[in-house]
Amino acid sequence: MLYKPYRILSLDGGGTFCLAQARALQELFGPDMPGRQLLSQFQLAAGTSGGSFVIAALVADLTPGQIVRLFQSEQNRQRFFCKLPWYERLLSVLTMGDIGCRFSMESKRDFMASVVGTNGPRKMSELADECGMPELLIVGYDYQFDRAKLLRSRSDSGAANFPRNDGHISLLDAINLSTHAPLNWFGGLASAAGSNSPGFWDGALTGFNNPVQLAASEAIANGVPRDAIGVLSLGSGNCMLLHWDADCDPSFKVKAPRPCLRKDLRKVARAIIAEPPDADSYLAHLSLSAQVPRQAGQVCESPIIRCSPLIHPRREGQHWAAPKGFASPEEFGRLVDMDIAATADEDVRLIELLCDNWISGASQNQAVRRAGGYFSLDANGRWNEQRCCEIGYARFADAKAAWASMSREPAVTTQGRECASSES
């Protein structure tokens, strides 16, 4: 991987599953690096929904370790996803949680305000003037006009249409509207002082739950050469399950397609988190690199360093089994079906286990482009995991090494020789 002088940090949405992003930041930069020092290694930071909250925490100078502990605290999770009284979530109660708001938008905003502190009321454009601060790009959904609302700290961005006034919105308002998941989670609309729109929904409704393509386009529109751009794209987990008629435990395969109104309403409501991140990473890769595999089995590296855990079963002998550390297929199934608004310690323990397996290499990292027939077996009934990735990095360790190479400035040379240190 070549050094990239223009680096982008891109963070997906994902609610409590954004713990995976905090764990990745901790592994890549260390638990104690101040958030602003971390951000200074990037020229642009983009986030949608939960990812925008992680970016705001870094702006508030929290370390990766502190952000991990934010997610690990059940009290904090219950403040972010604070249940409404039963009579205010009556629709959710009547539909057994399939549709209807469940959580207090006031409690969410108050919690985020306590995390970002004095940086919350500051306008996005003010933050842009600070030394070492990258450009910020927060993704929201404009309810009135049914379109994406991209909130930028850079007021003169060539990617923005006129008039360019997004910078008048505060950091707190930006992350509050970007995290306002409707229908199944929060009611009403998130407002933003300084905006002429009556309200907003979660940025994932724009189709950019993974904002990597928006971020790459932002840099290109502002004149950055494509071959100078590299992206660290952090996700919050994605499921890879076997086909519905596979010969395995039901927890390891997708459910048979049997549509019904109640289930379909739930599926539509949750479509904002079901948007497949694979597509955005791949499109961003193509916009920055023309490199694609020319034959089966070839793996191409990418300027998009995608780090996101895959929730998948493992092959054990001649059978499919739960990942390392999971007590049973049913426990694995709990993780597969888990809501993004997980608050109970027992649920978050499973997310932590997912992250442990991912970072240690016991489970896969999400590819920028995966191979077709993901779970196909060879003639001996073995699953060759190495062929699952066509573009990107199949293991977290590989992605980590690629990031180290991308961010390591080349040695300065003089007359063909490396400059020697003053120390001998």
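Can you pull the one-decimal nm distance between simple spin-label points at Tyr87 and Gln298, each 7 Å off the Cα toward Cβ?
Here the answer is 6.7 nm between the modelled labels.
Given 0.36 nm per residue, what is the gain on full extension from Arg382 to Asp129 after removing their alpha carbon distance, in nm? Before the final figure, lay out each step's value.
On the way: separation 253, 0.36 × 253 = 91.08 nm, distance 5.54 nm.
In short, 85.5 nm is gained.
Which lysines, if any, have their Cα less than 19 Å from the Cα of Lys324, not counting same-chain residues under 8 positions apart?
Partners within reach: Lys253.
Could you list which residues have their amide H under 5 Å from that of Gly199, counting only those 5 or more apart in sequence or on another chain, with H placed in the peptide plane?
Hits under the 5 Å cutoff: Tyr143, Gln144.
If you keep only loop residues by DSSP, which GluC sites (Glu not before Pro) in the stretch 102-158 have at most 15 other Cβ atoms within 10 Å of their Cβ?
Details: sites: Glu106, Glu126, Glu130, Glu135; in loops: Glu130.
For GluC sites (Glu not before Pro) across the stretch 102-158 that sit outside H, G, I, E and B with at most 15 neighbouring Cβ atoms in 10 Å, the list reads Glu130.
For the chain, what is the accessible area per residue in Å² when the probe is 1.4 Å?
On the way: 18720 Å² over 424 residues.
Value returned for the chain: 44 Å² of accessible area per residue.
Magnitude of the Cβ-charge dipole of the stretch 290-377, K/R +1 and D/E -1, about the Cα centre, nearest 20 debye?
On the way: 9 positive and 11 negative charges, 142 e Å.
Dipole size: approximately 680 debye.
Considering the chain as a Gaussian network with a 10 Å cut-off on Cα pairs, which listed residue, Ala113, Ala411, Ala215, attains the greatest mean-square fluctuation?
In this elastic network of the chain, the residue with the biggest mean-square fluctuation among Ala113, Ala411, Ala215 is Ala411.
Do you know the relative contact order of the chain, to the nearest whole percent, from alpha carbon pairs under 8 angstrom that are 6+ apart? List each step's numbers first, then the result.
Values: 877 pairs, mean separation 79.1, N = 424.
With pairs under 8 Å counted, the relative contact order is 19 percent.
Exceeding 26 Å between C-alpha atoms, which entries from my cross-link table qualify? They are Lys83/Lys267; Lys123/Lys149; Lys83/Lys263; Lys4/Lys108; Lys149/Lys400. Could you put the intermediate results ahead of the total?
Details: Lys83/Lys267 21 Å; Lys123/Lys149 16 Å; Lys83/Lys263 22 Å; Lys4/Lys108 37 Å; Lys149/Lys400 32 Å.
The answer is Lys4/Lys108; Lys149/Lys400.
Can you order the peptides 329-335, 244-250 by their average number of other Cβ atoms within 10 Å per residue, highest first? It would help to have the intermediate numbers written out before the result.
On the way: 329-335: 18.0, 244-250: 13.0.
Descending mean neighbour count gives 329-335, 244-250.
Once a ≥ b ≥ c are taken as the square roots of the eigenvalues of the Cα gyration tensor of the stretch 189-272, is the result rounded (a/c under 1.5), prolate (a/b larger than b/c) or oblate (a/b not larger than b/c)?
Numbers: a/c = 3.77, a/b = 1.46, b/c = 2.58.
Oblate is the answer for the stretch 189-272, as a/c is 1.5 or above yet b/c matches or exceeds a/b.
Quick one: pull the percent of accessible area on the chain belonging to carbon and sulfur, 1.4 Å probe, ligands and nucleic acids left out. Walk me through the intermediate numbers first.
Working: 9710 of 18720 Å².
That share works out to 52 percent.
Magnitude of the Cβ-charge dipole of the chain, K/R +1 and D/E -1, about the Cα centre, nearest 20 debye?
Numbers: 43 positive and 46 negative charges, 104 e Å.
So the dipole magnitude of the chain works out to roughly 500 debye.
Hey, can you rank 53-60, 230-237, 391-398 by average C-beta count inside 10 Å, highest first?
230-237, 53-60, 391-398
Which of the listed residues, Ala284, Leu241, Pro303, is farthest toward the dipole's positive end in the stretch 182-324, when Lys, Arg count +1 and Asp, Glu count -1 at the beta-carbon?
Result: Leu241.
Extension gain Arg408-Phe162, at 0.36 nm per residue separation less the Cα-Cα distance, in nm?
Values: separation 246, 0.36 × 246 = 88.56 nm, distance 3.72 nm.
Additional length available on full extension: 84.8 nm.
Leaving ligands and nucleic acids out of the surface, order Asp12, Asp278 by accessible area at 1.4 Å, largest first. If you can, show how the numbers build up before the last one.
Working: Asp12 5, Asp278 35 Å².
Solvent-accessible surface, decreasing: Asp278, Asp12.
For a test of the definition: using alpha carbon positions, the gyration tensor, and the 1.5 limit on a/c, classify the stretch 199-332 as rounded, prolate or oblate. Each step should come with its number before you reach the end.
Values: a/c = 2.48, a/b = 1.44, b/c = 1.72.
Oblate shape, in that a/c is at least 1.5 and b/c is the bigger or equal ratio.
Once you order the gyration tensor axes a ≥ b ≥ c over the Cα atoms, which shape class does the stretch 78-174 get: rounded for a/c under 1.5, otherwise prolate or oblate by comparing a/b with b/c? It would help to have the intermediate numbers written out before the result.
On the way: a/c = 3.79, a/b = 1.82, b/c = 2.09.
Judged from the Cα gyration tensor, the stretch 78-174 comes out oblate (a/c at least 1.5, b/c at or above a/b).
Compute the projected area of the convex hull of the Cα atoms of the stretch 159-228, averaged over all viewing directions, and report it in nm² to one decimal place.
Here the figure is 5.8 nm², rounded to one decimal.
The values are calculated or read from the model by the stated rules, or taken from the named source; none is laboratory data. Everything numeric in this text was worked out from a predicted model, so none of it was measured. Heads up, the Cβs are rebuilt from the backbone with ideal geometry, glycines too, and the neighbour counts pull from every protein chain shown. Quick note on the areas: whole protein, heavy atoms, side chains included, nothing else; ligands and nucleic acids left out. Shrake-Rupley method; radii C 1.70, N 1.55, O 1.52, S 1.80 Å.
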